Amino acid sequence: MEYSHRYHAYPTQEVAAELEYHLNVHRQLYNHVRWDYGNSPEDDKPSEYDQNNRLPEWKRKWSVFSELHSKAAQETVARFHRNLSNLRKKKEKGNNVGRLKRQAPAEYRSVTYNQSGFDLDEKRGRDRYAYVRFSKIGWVKIRYHRLIPDHATIKEVTFTKETTGEWFVSFGLETDESDLPEKPDEDSLNASNSVGIDLGILNYIHTSDGKTVDWLNLEDDYERLQREQRKLSRKEKGSNNYEKQRVKVAKVKRRIRRKVLDYQHKITTWLVKEYDAVFVEDLNVQSMLQGDGNARNKQDVAWRQFITLLEYKADLYGTHVVQVEARGTTKGCASCGVETAKPIWVREHSCPSCGFKTDRDANAAMNVLKRGFSELGLGWPEDTPVETALPTNTTSVSAKRVVETGSLGA
């Protein structure tokens, strides 16, 4: 299993200058890799292996590249080819894509040391602080707010400069599956220890056992963002005042991102601790964002990020997380299966066939749960009636209640 830990970094002025310098040289190397690839014949494009072999030649020709650590330089080459591969995948799916762009200084913000070229000293700093050494750069102080697990192996380390000017260090970790908690046997799963999740519209999530979690209120943050952006538009681009205001805008955006991520961390941790199996819709997020209306809230909820957090925490806590086909979960009746068309403004499910009535999202969550059991080949437990999804049993959890992991549904 692969995952990462991220820490706030506090480099000295001298080390920060070195980080900036290496960041810029890696950007130049990335652009040169792009240029070398783009200027090669169409029928003889270099592979990642080919361009890694050209690194010694480039270092002799341009001495600035020789100042980079070899593994970090190879990772920059790999970065270009990963981006290229992602571009091809999008094109294969029918998306209209262009070419990889040249990276400007404001766009290239991270460097990765893979396998070697770094050291972690957990004892050098004071309590809750540690130091990371990057080869050819120096030692960087980090706020070590959570220890790296003893059974985890550090595969890579990345330093990043955010748009706010802050520095962060991320550790790419790998844990052997034998060190992870064992997941419950699938035959032991039932509707009492499993849950279906509908990522809702009126609520952040709606569960198949009748719990809802409110949306995170970001109105004040967005109003502030709009004010700061208006101020930025009145500044002369490139001036000192413009740069100061740009940082203010970046900090407001960072605050919004952090609020959403923190909220999702708490909800997903609660889910994987509370249930043995969590079933969630496999949503086409990109097509949803391209639709009309409420696009900002759809981005705020960051559904793909929510599912990603669920999946990696499922391995850490020994929980099954299964994505199921999303099509039809809203239309289909959770009691009899008959489909009924519902405009987005219709909030109640009322089946014309069997007469079953419930909240629209509760019905969808029950369908997700049923599809999850079907996906695992278990069938639907006969001792769990669908009526458990009735809105009269719903427990609503306010966003204000999400103050710590495990507080939901308390």
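The values are calculated or read from the model by the stated rules, or taken from the named source; none is laboratory data. Model, not experiment: these values are computed from the prediction. Cβ placement follows ideal geometry from the backbone for every residue including glycine, while neighbour counts extend to all protein chains displayed. Each accessible area value is taken on the protein alone, full model and side chains, heavy atoms only, with ligands, DNA and RNA left out. Shrake-Rupley method; radii C 1.70, N 1.55, O 1.52, S 1.80 Å.
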Qualifying lysines (Cα of each under 17 Å from Cα of Lys251; at least 8 residues distant if same chain): Lys161, Lys231, Lys259
Alpha-carbon centroids, segment 158-215 and segment 320-349: separation in whole Å: 23
With r as the distance between the Cβ atoms of Asp282 and Asp214 and R0 = 25 Å, compute the FRET efficiency 1/(1 + (r/R0)^6) and round to 0.05. 0.55
Among DSSP beta bridges lying fully in the chain, give the percent that are antiparallel, nearest 5. 75
Kirkwood-type radius of segment 81-189, with distances r between different C-alpha atoms, in Å: 17.5
Please compute the Kirkwood hydrodynamic radius of the chain from all pairs of different C-alpha atoms, in Å with one decimal. 24.6
Helix 219-233 axis, angle to the chain major axis (alpha carbon atoms, nearest 10°): 30
Expressed per residue, the solvent accessible area of the chain in Å² (1.4 Å probe) is about 55
Helix 240-274 against the longest principal axis of the chain: what's the angle in degrees, Cα atoms only, rounded to the nearest 10? 40
For segment 175-187, Karplus-derived ³J(HN,Hα) couplings (6.51, -1.76, 1.60; θ = phi - 60°; whole Hz; x for glycine and proline) come out as 10, 5, 4, 5, 8, 8, x, 6, 7, x, 4, 4, 5
Filter on Lys136/Lys237; Lys71/Lys235; Lys155/Lys248; Lys141/Lys183; Lys93/Lys331; Lys141/Lys253 - keep pairs with C-alpha separation over 32 Å: Lys136/Lys237; Lys71/Lys235; Lys155/Lys248; Lys141/Lys183
Given an 8 Å cut-off on Cα distances and at least 6 residues of separation, report the relative contact order of segment 1-85 as a percent. 38
Can you tell me the 0 to 90 degree angle between the C-alpha axis of helix 13-38 and the longest principal axis of the chain, rounded to 10? 80
List the relative contact order of segment 1-180 as a percent without decimals, with contacts defined as Cα pairs under 8 Å and 6+ residues apart. 33
For the pair Arg257/Arg143, report the inter-label distance in nm, with labels modelled 7 Å from Cα in the Cβ direction. 1.6
Which order do Asp359, Asp262 take by accessible area at a 1.4 Å probe, largest first? Asp262, Asp359
Can you tell me the FRET efficiency between Lys136 and His265 if r is taken as the Cβ-Cβ distance and R0 is 25 Å, rounded to the nearest 0.05? 0.10
Rounded if a/c is under 1.5, else prolate if a/b beats b/c, else oblate: with a ≥ b ≥ c from the C-alpha gyration tensor eigenvalues square-rooted, which is segment 171-229? oblate
Normalised radius of gyration for segment 1-180, please: alpha carbon Rg relative to 2.2 N^0.38 Å, two decimal places. 1.12
Express the carbon and sulfur contribution to the solvent-accessible surface of the chain as a percent, rounded to the nearest whole number, probe 1.4 angstrom. 44
Under the rule of at least 5 residues apart or a separate chain, name every residue whose amide H is placed under 5 Å from the amide H of Val324. Val280, Glu281, Asp282
FRET efficiency, 1/(1 + (r/R0)^6) with R0 41 Å, evaluated for Asp185 and Cys354 via beta carbons: 0.80
